[in-house]
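Engineer: Let me begin by handing over the structure; questions about it come next.
The values are calculated or read from the model by the stated rules, or taken from the named source; none is laboratory data. Computed from a predicted structure; not experimentally measured. Quick reminder, even Gly has a Cβ in these numbers, built from the backbone with ideal geometry, and neighbours come from all protein chains shown. Just so you know, the surface numbers come from the protein's heavy atoms only, side chains and all, with ligands and any DNA or RNA stripped out. Shrake-Rupley method; radii C 1.70, N 1.55, O 1.52, S 1.80 Å.
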Amino acid sequence: MSILETKKIVKSFGGVHAVDGLSVGFEKGKITGLIGPNGSGKSTLINLLTGVLPMDGGSVSVSDVDIFKLEPHEVSDYGITRTFQEVRLFEQMKVIDNILVVLTKRNVLSSLFEKHKQFHLERAEEVLKKVGLWEKRNDLAKNLSYGQRKLLEVARVLAMSNGFGSNSEIFFFDEPFAGLFPEMRKIVIQVIKDLKGEGKTVVLVEHNIDIIRELCDNLIVLDSGQLLAIGAPIEVLSKREVMDAYLGE
Ligand code: ADP
Ligand code: MG
């Protein structure tokens, strides 16, 4: 069963059809890999499904409810959360405050001065330990290394999986492994596996085919904003047109 479906969604930038009449479904409780050459529309699709960009046409349904306009502040109400390909943190804030802000869902300023509830602090501790950033909790986000920044974004998304009032069901990860050392990759792999273990739905953009094979139940391949192939990884990856799209990159 699809928890999230797109119906002929369209997004163009000038003359570029970034997402071109795409109809795909994401299965509940599964990990779906979203692959395709650079510029094939993967990030744009995520931006549309998380309300970061408005759709030019088509619609999206979440748990069979049709939505024509997804607003960024509404997507968490639909249980949708994501990481950005270009990490976005509150740079001047401490690592732990970057987590507390999303848990309290207040604006940044009031969150800083608020006396945080014990369960928020416990949740923040739990997710920071999980990604190996607990020791860094009092460092400013801007002082983290590239890989640590990516891990902090993953921790923030993870915090939302049981955010006390904002339970995310659908998680988009846009290239979370890019530029990570092997030890850090292992952490993110485990995070994604555990989310699936909790029955969550994951959509993963990733270029490394070994990681895709290890994690994904389903694969969606985009090319020029259109669906090139969909199905089980082993079948999809053996298709001639999929290989050609990659080799032609
Ligand atoms: P992918 O994530 O698969 O690499 P993107 O979704 O980032 O691909 O990009 C799809 C196409 O849309 C590309 O041709 C890209 O240049 C274009 N594009 C994406 N975002 C923008 C934007 N904000 N403004 C103009 N063009 C964009
Ligand atoms: Mg991208």
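Engineer: For the chain, find the longest principal axis of its Cα atoms and tell me its angle to the long axis of helix 182-197, 0 to 90°, nearest 10.
Structural biologist: 80 degrees
Engineer: Each label point is 7 Å from the Cα along the Cα-to-Cβ direction; what then is the distance between the points at ASN138 and ALA232, in nm?
Structural biologist: If labels sit at ASN138 and ALA232, their model points lie 5.3 nm apart.
Engineer: Something else now. Any chance you could look up the accessible area of LYS28 with a 1.4 Å probe, heavy atoms only, rounded to 10 Å²?
Structural biologist: Spelled out: LYS28, probe radius 1.4 Å, area about 100 Å².
Engineer: Also, I was wondering about something else. Once the dipole of the chain is set up with Lys and Arg at +1 and Asp and Glu at -1 on Cβ about the Cα centre, which of PHE84, LEU151, LEU4 lies farthest towards its positive end?
Structural biologist: Final value for the positive-end residue is LEU151.
Engineer: I would also like to ask the following. To the nearest 20 debye, what charge dipole does the chain have about its Cα centre, counting +1 at the Cβ of each Lys and Arg and -1 at the Cβ of each Asp and Glu?
Structural biologist: Dipole of the chain, to the nearest 20 debye: 660 debye.
Engineer: Turning to a different aspect of this structure: Using 0.36 nm per residue of separation minus the Cα-Cα distance, give me the extension gain between ASP217 and SER12 in nm, one decimal.
Structural biologist: 70.8 nm
Engineer: Quick check on the chain: of the DSSP beta bridges with both residues there, what percent are antiparallel, nearest 5%?
Structural biologist: Working: 22 of 38 bridges.
Of those bridges, close to 60 percent are antiparallel.
Engineer: Less than 13 Å Cβ to Cβ from MET55, Lys/Arg counted +1 and Asp/Glu -1: what total charge do the surrounding residues give?
Structural biologist: 0
Engineer: Any idea how far the Cα center of the range 154-197 sits from the one of the range 31-77, in Å?
Structural biologist: That distance is 18 Å.
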